[in-house]
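Q: If you scroll down you'll find the structure; I have some questions about it.
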Amino acid sequence: MKNIQDILKERILVLDGAMGTMIQQYKFTEEDYRGERFKDWGQPLQGNNDLLSLTQPEAIKEIHGKYFEAGADIAETNTFSGTTIAMEDYGMEDLVYELNYESAKIAKEVADEFTAKNPDKPRFVAGSIGPTNRTASMSPDVNDPGFRAVTFDDLRVAYKLQIEALLDGGSDILLVETVFDTLNAKAALFAIEEVKDERGIDVPIMVSGTITDASGRTLSGQTAEAFLVSISHIPMLSVGFNCALGANQLTPHLEVLAQKAEFNVSAHPNAGLPNAFGEYDETPEQMAGQIKEFLDKSLINIIGGCCGTTPAHIKAIADLATQYKPRLI
């Protein structure tokens, strides 16, 4: 299979769209989430999307297939909350290895099927590593600014387990995404480097931060340039932004990365901003129209979608991306 680094010199690669948005369309009940295996579990499980890789694997497989069908080159595993820290909410810390392994295995099976059908367009699997639900550089308690709900070491250990399972399951890339606290991301990157050293392997790393509001900063207060500087010591395949904002609002921050980064630049914005009901109204055509600006300005090498995006959004974006050359590093 062609090396992803070489392909990125030739064309813009397309990342898939939202997993959660697609899962919502299945309208799974608490019973569906539990399946037979977890029918007597002592805590509510509805909303634990990562668990569906064990209880509804066919649905997850189908979602990956729809995104590849739409033109995606890279599928993200269904593991956004796949750490012991995030799984504590459901009392499922002991299942973390299995959840990540099975999720990667499902995505890899579908990727291999599509690659076999069209070897000129190889499909890749990105092991999705979410930010967890705790921040390492900020206190969750407004009355005690020095308090931390998690340590760097807690995060490193939790991420390491997730990373090992994602690689064992067949992930081609590791994607540290939706970074709102760069210290969390650094713990994940530290864990990746540890696993690489222990296994004597090299694996492409994508890092994607999230600008949380109009101030143009991450939740932990960094500008786009500061975010880039603080992770640039790691050899990365790409650096970029996803989530929180629509394509329009993301443009100025991608301009900073495109100008300063010595890596490929990625973007997977939301389908606009959510409405009063938390739903996304932006159509595939509207979103593609906004992403055209990224392409016209030659800002990106990898493009996809986050919250609210569907295979129709990814198809519109993929069709557009074929008409452009990737950003030159």
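Q: Under the rule of at least 5 residues apart or a separate chain, name every residue whose amide H is placed under 5 Å from the amide H of GLY17.
A: Those lying under 5 Å, H to H, from GLY17 are GLY305.
Q: Shifting gears a bit: Relative to the Cα centre, what is the charge dipole magnitude of the chain, using +1 at the beta carbon of each Lys and Arg, -1 at the beta carbon of each Asp and Glu, and rounding to the nearest 20 debye?
A: Here the size comes out at about 920 debye.
Q: Which value in Å does the Kirkwood hydrodynamic radius of the stretch 1-80 take, with 1/r averaged over all unlike C-alpha pairs and then inverted?
A: One decimal place: 14.2 Å for the Kirkwood radius.
Q: Additional query: Find the relative contact order for the stretch 186-291 and round it to a whole percent, using C-alpha pairs within less than 8 Å whose residues are 6+ positions apart.
A: 23 percent
Q: Shifting gears a bit: With every protein chain left in place and a probe of 1.4 Å, what is the accessible surface of ASP202, to the nearest 10 Å²?
A: Result for ASP202: roughly 130 Å² accessible.
Q: Also, quick follow-up: Can you give the calculated 222 nm mean residue ellipticity of the chain, where each DSSP H run of n ≥ 4 adds -39,500 (n - 2.57) and the sum is split over every residue, rounded to the nearest 500 deg cm²/dmol?
A: Only helices count here, giving -13000 deg cm²/dmol.
Q: I would also like to ask the following. Can you give me the solvent accessible area of THR21 with a 1.4 Å probe, rounded to the nearest 10 Å²?
A: It works out to around 30 Å².
Q: Given H placed on each backbone N at 1.01 Å, which residues far from SER208 in sequence or on other chains put an amide H within less than 5 Å of it?
A: VAL176, GLU177, THR178, VAL179, GLY240
Q: If you don't mind, another one. When only alpha-carbon atoms count, how far does the chain stretch along each of its three principal axes, as whole angstroms with the largest first?
A: Each principal axis gives a Cα extent; for the chain these are 53, 49, 49 Å.
Q: Can you put GLU285, GLU293 in order of accessible area, largest first, using a 1.4 Å probe?
A: Numbers: GLU285 130, GLU293 65 Å².
In descending accessible area the options line up as GLU285, GLU293.
Q: Could you list, in their original order, any pairs among LYS9/LYS292; LYS260/LYS292; LYS186/LYS315 whose Cα atoms are separated by more than 26 Å?
A: Listed pairs above 26 Å: LYS186/LYS315.
Q: If you don't mind, there's one more thing I want to ask. Run the 1.4 Å probe and let me know the accessible area of VAL256, rounded to the nearest 10 Å².
A: VAL256 exposes around 40 Å² with every protein chain in place.
Q: Picking from THR212, ALA321, SER103, whose Cα lies most toward the positive end of the charge dipole for the chain (charges on Cβ: Lys, Arg +1; Asp, Glu -1)?
A: Final value for the positive-end residue is ALA321.
Q: How large is the Rg to Rh ratio of the stretch 119-198 when both quantities use alpha carbon positions and Rh follows Kirkwood?
A: That ratio is 1.09, to two decimals.
Q: Would you mind calculating the gained length between GLU109 and GLU62 on full extension (0.36 nm times residue separation, minus the Cα-Cα distance), in nm to one decimal?
A: 15.8 nm
Q: Here is a further query. For the residue pair ASP120 and ASP281, what label-to-label distance in nm results when each label sits 7 Å from Cα along the Cα-to-beta-carbon direction?
A: According to this spin-label approximation, the distance is 4.2 nm.
Q: Further, regarding this structure: Quick check on my link table: of LYS66/LYS297; LYS105/LYS196; LYS2/LYS121; LYS66/LYS121, which ones sit more than 18 Å apart, alpha carbon to alpha carbon? Working shown, then result.
A: Values: LYS66/LYS297 29 Å; LYS105/LYS196 20 Å; LYS2/LYS121 9 Å; LYS66/LYS121 16 Å.
Cα-Cα > 18 Å for LYS66/LYS297; LYS105/LYS196; rest within.
Q: Show me, for the stretch 125-136, the HN-Hα J-couplings you get by feeding each phi into the Karplus relation (A = 6.51, B = -1.76, C = 1.60, θ = phi - 60°), rounded to Hz, glycine and proline as x.
A: Taking θ as phi minus 60°, the curve returns 10, 9, x, 7, 10, x, x, 6, 9, 9, 10, 8 Hz for the stretch 125-136.
Q: Now a separate question. Of all chymotrypsin sites (Phe, Trp or Tyr not before Pro) in the stretch 253-301, which ones are in loop regions per DSSP and have a Cβ with at most 16 other Cβ atoms within 10 Å?
A: Counting only loop positions with at most 16 other Cβ atoms within 10 Å, the chymotrypsin sites (Phe, Trp or Tyr not before Pro) in the stretch 253-301 are PHE277.
Q: Still on this structure, I have one more. Heavy atoms only, 1.4 Å probe, whole protein assembly: order SER220, SER266 by accessible area, highest first.
A: The residues order as SER220, SER266, largest area first.
Q: While we're on this one: Okay, which of the stretch 207-226 sit inside 19 Å, backbone N to the point 7 Å along the Cα-Cβ direction of VAL142?
A: Under cut-off, by backbone N: 213, 219-221.
Q: Still on this model: Taking the C-alpha atoms of the stretch 165-307, how large are the radius of gyration and the largest Cα-Cα span, Dmax, in Å?
A: 15.4, 49
Q: Short version: ³J(HN,Hα) in whole Hz for each residue of the stretch 210-220, in order, from phi by Karplus 6.51 cos²θ - 1.76 cosθ + 1.60 (θ = phi - 60°), x for Gly and Pro, what are they?
A: Here the 3J(HN,Hα) series is 9, 8, 8, 7, 5, 5, x, 10, 6, 4, 7 Hz.
The values are calculated or read from the model by the stated rules, or taken from the named source; none is laboratory data. If you're wondering where the values come from, they're calculated on a predicted model, not measured in any experiment. In this analysis, Cβ positions are derived from the backbone assuming ideal geometry, glycine residues included, and neighbour counts consider all displayed protein chains. Side chains included, ligands, DNA and RNA excluded: accessible areas come from the protein's heavy atoms. Shrake-Rupley method; radii C 1.70, N 1.55, O 1.52, S 1.80 Å.
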